[in-house]
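Each reported figure results from applying straightforward, stated rules to the coordinates on display, with no laboratory input. Since we're looking at a predicted model, the values are computed, not measured. Here the Cβ is made from the backbone with ideal geometry for all residues, glycine too, and neighbour counts use every protein chain on show.
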Amino acid sequence: MGSYWFEKTYKTIQSFSKHPLFGYVMFGIVLLLALFLNSFELLSRSITTALILTTIYATVALGFSLLLGYGGLASLGTAGFVGLGTYLVGHFSGTQDYPFIVSLLIALGVAIVIGLIVGFISLRIEGLYLAIITLGLAEILKEIFKSFEAFTGGNNGLSFRDFDLLGIEMSPLATNVLIVVAFIAVIVMTHNIINSPTGRALLAMKNSTTAAQSMGIGLLKYRLLAFVLSTVYAVFGGLLYMLNQQFSQPTTWSLDFSLNILAAVIVGGAQSIAGIILGTFLIFGLDLAVLQKIPFFVANPNATWIVNGALIILVIMFYPGGLIRLFKNLHASFITQCKKLKKKWSVYRYGEERH
């Protein structure tokens with residue numbers, strides 16, 4: 001009886017492990033485990049802070065991948081949109097005492113409007129000029145963050161006190177758990193979008209607008225959708241950032257942040273969720289958890305750009321599909337070698353098969 005239940009449990013676990021989302025759920029469990037280890041002081045606070053911040057940045061990068069990796073549209077306005085998300089929740093739920101859900105809806109509504117505006121612009125302007133326009137929009141937002149003190153606190157920044165969710169006061173640990181759960185939910189949503197007709201239409205639009213139109217794919221619809229999704233992800237990421245850091249300053253949302261998001265997507269792989277997570281951890285997580293503790297990088301913080309630049313150059317030269325392609329190749333090679341070794345052992349142990 002015991003062996004039957006053991007075998008049944010094993011088969012159930014094995015079937016779940018083959019699900020495409022299994023790895024991401026396990027990754028979320030690891031993040032939650034890290035949070036609880038930190039609560040028992042078994043893991044340093046700096047490591048858990050780096051993990052949470054990197055998951056927030058990965059949320060933004062996932063939205064950017066839908067725009068660049070699938071839609072083929074360039075943007076350098078990510079920092080401005082993320083900053084807007086921080087100030088929207090900071091102002092309405094922090095300063096004005098609005099319920100958090102109301103602030104969330106306002107933030108998503110603003111993100112949709114901005115995404116539609118930029119999407120309409122993309123119908124007339126493409127490539128480098130579109131990237132310049134989005135950069136200009138980000139700089140306008142940055143100046144608004146500096147000047148509109150009643151809304152953003154100006155150069156001094158805006159603080160955000162502890163918040164409650166549906167009447168429940170959230171502790172720092174509960175807030176971080178909420179961020180991890182939201183991150184996994186975003187991954188699931190992104191996976192569904194990528195594997196849906198919408199994802200295939202975006203990819204067709206990227207590969208050839210002429211071919212996409214000949215197949216009945218409307219450029220207006222999918223360009224608007226790509227920008228709306230990217231902006232919603234960015235604003236939502238800014239909202240999560242404010243919940244975690246409880247402070248936002250205009251200088252944080254500069255061109256540097258947009259370029260780092262771009263680097264994370266390129267380094268990891270613009271068309272792979274796992275690749276984007278990997279790229280974000282290399283660009284942001286490595287800096288937050290490791291480089292900021294090395295004396296040289298502490299004394300020369302801009303030196304991290306050298307590391308990021310070298311990563312981008314190496315990836316573009318040797319693995320244009322991102323580091324995830326390298327890992328897939330290594331994995332395939334490892335499996336092949338294991339099969340060869342198994343065959344050699346079988347020959348050694350049992351001899352050649354005779355037919």
**Request:** Check the chain and count each lysine pair with an alpha-carbon distance under 18 angstrom, considering only pairs eight or more places apart or from different chains.
**Result:** 4
**Item:** Kirkwood Rh in Å, taken over all unlike Cα pairs in the range 299-351
**Value:** 14.1
**Message:** Under 10 Å, Cα contacts only: if you run a Gaussian network model on the chain, which one of G268, G83, G136 comes out with the highest mean-square fluctuation?
**Reply:** G136
**Complete:** Taking a crude spin-label model, label points 7 Å out from Cα along the C-beta direction, the L330 to F318 distance in nm is 1.1
**Request:** Please work out, to two decimal places, the log10 of the ratio I(q)/I(0) at q = 0.16, 0.18, 0.23 Å⁻¹ from a Debye calculation in which every Cα of the range 23-107 carries one identical scatterer.
**Result:** -0.90, -1.01, -1.05
**Message:** Over the chain, with a Gaussian network built from C-alpha contacts below 10 Å, which listed residue (S171, S258, S159) shows the highest mean-square fluctuation?
**Reply:** S171
**Quotient of C-alpha Rg and 2.2 N^0.38 Å, computed over the range 233-292** = 1.17
**Placed amide H near L165: partners under 5 Å, 5+ positions off or other chain** = M170
**Item:** Built amide H within the under 5 Å cut-off of F247, gap 5+
**Value:** F160
**Message:** For F257, F334, F183, which order do you get if you count the other beta carbons within 10 Å of each Cβ and list the fewest first?
**Reply:** F334, F257, F183
**Fill in**
Quick calc, M189 & K343: beta-carbon distance into FRET formula, R0 35 Å, rounding 0.05, result 0.25
**Asked** Hey, what do the phi angles of the range 139-153 turn into as Karplus ³J(HN,Hα) couplings, whole Hz, using 6.51/-1.76/1.60 and θ = phi - 60°, x for Gly and Pro?
**Response** 5, 4, 4, 4, 5, 5, 4, 6, 9, 8, 5, 5, 9, 10, x
**Prompt:** Within the chain, what's the longest stretch lacking GluC sites (Glu not before Pro) that sit in DSSP loops with no more than 13 other Cβ atoms inside 10 Å?
**Reply:** 42-351
**Rh (Kirkwood; distinct C-alpha pairs) - the range 170-223, Å** = 13.1
**Asked** Which ³J(HN,Hα) values, rounded to whole Hz and listed in residue order, are derived for the range 300-317 from phi using the Karplus coefficients 6.51, -1.76 and 1.60 in 6.51 cos²θ - 1.76 cosθ + 1.60 with θ = phi - 60°, glycine and proline given as x?
**Response** 10, x, 6, 5, 4, 5, 5, 4, 5, x, 5, 4, 4, 4, 5, 5, 5, 6
**Fill in**
Under Stokes-Einstein, the range 157-200 at 25 °C and 0.890 mPa s, with its Kirkwood radius over C-alpha pairs, diffuses with a coefficient in µm²/s of 193
**Fill in**
In whole Hz, the Karplus estimates of ³J(HN,Hα) for the range 63-72 (6.51, -1.76, 1.60; θ = phi - 60°; x where Gly or Pro) are x, 5, 5, 5, 6, 8, x, 10, x, x
**Asked** Where the centre of each part is set by its Cα atoms, how far does the range 149-191 sit from the range 212-226, in angstrom?
**Response** 34
**Request:** In whole angstrom, note down how far apart the Cα centers of the range 268-345 and the range 119-143 are.
**Result:** 30
**Asked** Taking the range 2-328 on its own, what percent of its Cα-Cα pair distances exceed 30 Å?
**Response** 36
**Message:** I need the per residue convex hull volume for the range 35-181, using only the alpha carbons, in cubic angstrom as a whole number.
**Reply:** 131
**Hull shadow area, averaged, the range 91-160 [alpha-carbon convex hull, nm²]** = 5.3
**Message:** With bins 10 Å wide starting at 0, give me the P(r) of the range 204-355 over every alpha carbon pair, in whole percents.
**Reply:** 9, 24, 28, 18, 12, 7, 3, 0
**Request:** Report, in degrees rounded to the nearest 10, the 0 to 90 angle that the Cα long axis of helix 255-268 makes with the longest principal axis of the chain.
**Result:** 10
**Request:** Return a whole-number percent for the relative contact order of the range 2-328, with Cα pairs under 8 Å and 6 or more residues apart as the contact set.
**Result:** 29
**Message:** Rounding to the nearest 10 and keeping the result within 0 to 90°, find how far the Cα-based axis of helix 172-194 lies from the longest principal axis of the chain.
**Reply:** 70
**Request:** Round to the nearest 10 and give me the degree value, 0 to 90, for the angle of helix 22-39's Cα axis relative to the longest principal axis of the chain.
**Result:** 60
